[in-house]
Amino acid sequence: MHKILISDKLGQAGLDLLETLDGVSYEMKTGLSKDELIAIMPEYDGLIIRSGTSPDADIIAAGTNLKVIGRAGIGVDNIDLAAATKHGVKVVNTPRANSIATAEQTLALMLTINRFTAHSHGSVAAGNWNRGDYVGTELHSKTLGVIGFGYIGRLVTARAQAFGMKVVAYDPYVTAEAAAELDVQLLSLDDLLASADIFTLHAIVTDETKEMINSDTINKMKDGAMIINVARGKLINENDLAVALTSGKLAAAGLDVFYSEPPEGSPLIGLPNVTHTPHLGASSKEAQAAVGIQIVEQVVKTLNGETPDFWVNK
Ligand code: MLT
């Protein structure tokens with residue numbers, strides 16, 4: 001019998017699937033401290049997490065029976081991949097299951113910062129009726145700069161194009177031809193920074209991309225540009241962004257992710273031209289069901305000795 005620990009909240013559809021499977025049992029224990037996790041790790045063959053648990057080298061080493069870590073979602077930046085590989089632990093994820101939810105959240109924030117939806121809602125709820133304070137801007141005819149032209153960047157592109165936006169992209173791992181097929185011009189980072197009205201980030205955090213939005217790159221943007229980040233907070237130097245939003249260099253930002261989460265002490269929280277949400281990119285019912293089912297399938301497949309489809313540290 002393979003035993004799986006689920007240490008973050010998982011969609012019910014995934015739990016329902018686990019109930020139907022022979023040869024596996026699971027326990028869901030959320031909110032564990034690192035020490036609590038280390039103490040129980042030897043009991044389990046598999047670990048399923050979202051972003052709330054960060055299996056580091058100590059936790060992975062404590063998993064003396066651990067064979068697989070399943071990340072219900074895309075980003076594996078909360079897992080020590082080198083330690084997992086060293087201990088022969090396979091890391092699997094669900095790369096596509098929550099992409100539509102993330103693309104839709106990107107558009108939701110883009111519309112919100114352009115039409116003051118969140119701020120005007122708060123104003124009406126407080127008893128005001130200040131229509132003149134909330135004259136927005138249209139997405140139509142604006143240029144969207146997509147940084148990271150992978151699967152989610154392309155889903156955002158299609159939706160932005162439906163709003164009549166022109167889309168340009170920066171991604172050193174994509175060819176100009178592949179972008180052109182989607183009616184997108186691939187640009188150098190500097191050219192993209194100079195040409196877009198709104199930027200949206202869809203990159204992973206690497207040494208190359210960490211804090212790629214900083215005072216240098218912001219200074220190359222048009223005055224009054226806007227930034228959406230539904231990818232990872234560490235792509236942005238938060239102090240530099242806060243300075244640009246406060247000085248008026250940038251008009252607004254829509255932020256779903258933060259350098260550390262929850263974002264205690266972030267200079268961005270509460271700025272009048274920021275709309276922030278608590279890492280909700282993947283939080284649709286559909287995405288959570290799909291992610292739950294897919295991660296259970298991947299983890300159980302691995303425990304049964306089969307090769308997983310989405311094996312991150314292969
Ligand atoms: C992901 O990486 O899949 C998203 O950020 C969602 C999440 O962390 O749950």
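Scan region 277-308 for residues that are assigned to a loop (DSSP other than H, G, I, E, B) and either within 16 Å of the ligand (Cβ to nearest atom) or touching a Gly at 6+ places or on another chain (Cβ under 8 Å) (or both) and jot them down. Those that are assigned to a loop (DSSP other than H, G, I, E, B) and either within 16 Å of the ligand (Cβ to nearest atom) or touching a Gly at 6+ places or on another chain (Cβ under 8 Å) (or both): T277, P278, H279, L280, G281, A282, S283, S284, N304.
Reported count of residues in region 94-129, each being of a type in the set (S, T, N, Q) and either in contact with a strand residue (DSSP E or B) (Cβ under 7 Å, 6 or more places away or on another chain) or farther than 30 Å from P308 by Cβ (or both), is 7.
Is region 121-134 home to any residue that is aromatic (F, W, Y) and buried (at least 18 other Cβ atoms within 10 Å of the Cβ)? Checked against the condition, which is being aromatic (F, W, Y) and buried (at least 18 other Cβ atoms within 10 Å of the Cβ), region 121-134 yields no hits at all.
Of the residues examined, D223 is one that is at pLDDT 95 or above, among the acidic types (D, E), loosely packed, with under 14 Cβ neighbours inside 10 Å and in contact with a Lys or Arg (Cβ under 7 Å, 6 or more places away or on another chain).
Restricting attention to region 236-260 and to residues that are within 16 Å of the ligand (Cβ to nearest atom) and free of Cβ contacts under 8 Å to residues at least 60 places away in the same chain, the residue that is surrounded by the fewest Cβ atoms within 10 Å (Cβ to Cβ) turns out to be S260. Sub-7 Å Cβ pairs linking a first residue in region 89-103 that is assigned by TED's automatic domain parsing to the domain that holds L155 to a second residue that is modelled with pLDDT of 95 or more and among the basic types (K, R), at least 6 apart or interchain, are A103/R159, ordered by first then second residue.
The values are calculated or read from the model by the stated rules, or taken from the named source; none is laboratory data. Given the structure is predicted, the values throughout are model-derived calculations rather than measurements. Because the Cβ atoms are built from the backbone with ideal geometry, glycine has one as well, and the counts that use them run over all protein chains shown.
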